[in-house]
Amino acid sequence: MIAQSTFGRWRSFLYRRLASIITCEIKLLGNHPLALDNKYQVNSLQDVFCHPYYWQLYNWFEQPPRLIVDLGAHCAHFSMLAEVCFRVQFGEGEREYLLVEPNPDLIPVIQRNLARSGLCPNHQLKQGLVGKREGTDSLWVCSSNYLSASLQQGPSTRSVSAEYFDLEKLIGNRPVDLLKIDIEGAEYELVANYPKLFERVEKLIIEIHTAPDTQIKQMLSTFERAGLQPYGKALEHAGYQLAMFERR
């Protein structure tokens, strides 16, 4: 008799590999489909939709946001979850989403997800890096896990040339109601190069990766000088820290 835990692992293993053929689809808000048609979508859904940390978005805003910036958009699940929360609380509205994702393999995934679901209809999608103000860099992409793209070379990765975007040119002088940063350790360079940008950010969700204490303190000091204070308790998760900040 196969142990239940072993059966569960095999079932998960088979589904992740057959997902593109036998697609599972869930309906967000009853009529916005999200197709889990590959293993990356399944993993991303678990990280975002199945984690209670991100559902704090529902009660976090007192006024409907206008501009949401999603850095490290992955499969666009964060932006989709944000839109679900905002629609329930404020209705459809005229929210604008700016999504930036460096991995070229994920760009068609994002496009399909947003087109299929009908969520975030007013969006702009950019393929490239953030952190520096200009230039190019090598992004190391793993063909077996598109979600693990990094500026650091890892096993079984290939190099993809990616261009840096100047965020202040993309955003202009507009206030940012919600900024999400999930850029695999490049957050320190981003904050150091764009300190003034954070003076226009109302709410921030950020993945903080391991770094020297001096680097972490410098980044937190930049947030404090910009008027951003911690919101709630930071969460230790999968080797990094999830933290939220807001203007008070």
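The values are calculated or read from the model by the stated rules, or taken from the named source; none is laboratory data. All values reported here derive from a predicted model rather than from experimental measurement. Cβ coordinates were reconstructed from backbone atoms using ideal geometry, including for glycine residues, and neighbour counts include every protein chain displayed. Heavy atoms of the whole protein, side chains included, go into the accessibility calculation; ligands, DNA and RNA do not. Shrake-Rupley method; radii C 1.70, N 1.55, O 1.52, S 1.80 Å.
Could you rank the peptides 168-181, 79-92 by their average count of other C-beta atoms within 10 Å per residue, with the highest value first?
Going from most to least packed, we get 79-92, 168-181.
Solvent-accessible area per residue for the chain at a 1.4 Å probe radius, Å²?
51
Scaled to the compact-protein estimate 2.2 N^0.38 Å, what is the alpha-carbon radius of gyration of the chain, rounded to two decimal places?
Working: Rg = 18.3 Å, N = 248, 2.2 N^0.38 = 17.9 Å.
Compactness ratio reported: 1.02.
Rounded to the nearest 10 degrees, what's the angle between the helix 77-90 long axis and the longest principal axis of the chain, both from Cα atoms, 0 to 90?
On a 0 to 90 degree scale, this one is about 70.
Which whole-number percentage describes the relative contact order of the chain, with Cα contacts under 8 Å and a sequence gap of 6 or more?
14
From the C-alpha gyration tensor of the range 37-123, pull out the three semi-axes of the equivalent ellipsoid (sqrt of 5λ each), sorted largest to smallest, in whole Å.
21, 15, 11
On each of the three principal axes of the Cα atoms of the range 99-189, give max minus min coordinate, whole Å, ordered largest first.
Cα spread of the range 99-189 along its principal axes, largest to smallest: 39, 32, 18 Å.
Taking every pair of alpha-carbon atoms in the range 133-248, give the share separated by more than 26 Å as a whole percent.
Numbers: 1633 of 6670 pairs.
Percentage above 26 Å: 24.
How do the peptides 38-44, 222-228 rank, highest first, by the average count of neighbouring beta carbon atoms within 10 Å per residue?
Averaged packing, sorted descending, gives the order 38-44, 222-228.
Mind pulling the per residue volume of the convex hull built on the Cα atoms of the range 199-248? Å³ is fine.
66
What fraction of the DSSP beta bridges in the chain is antiparallel, stated in percent and rounded to the nearest 5? Display every interim value, and only then the final one.
On the way: 26 of 46 bridges.
The answer is about 55 percent antiparallel.
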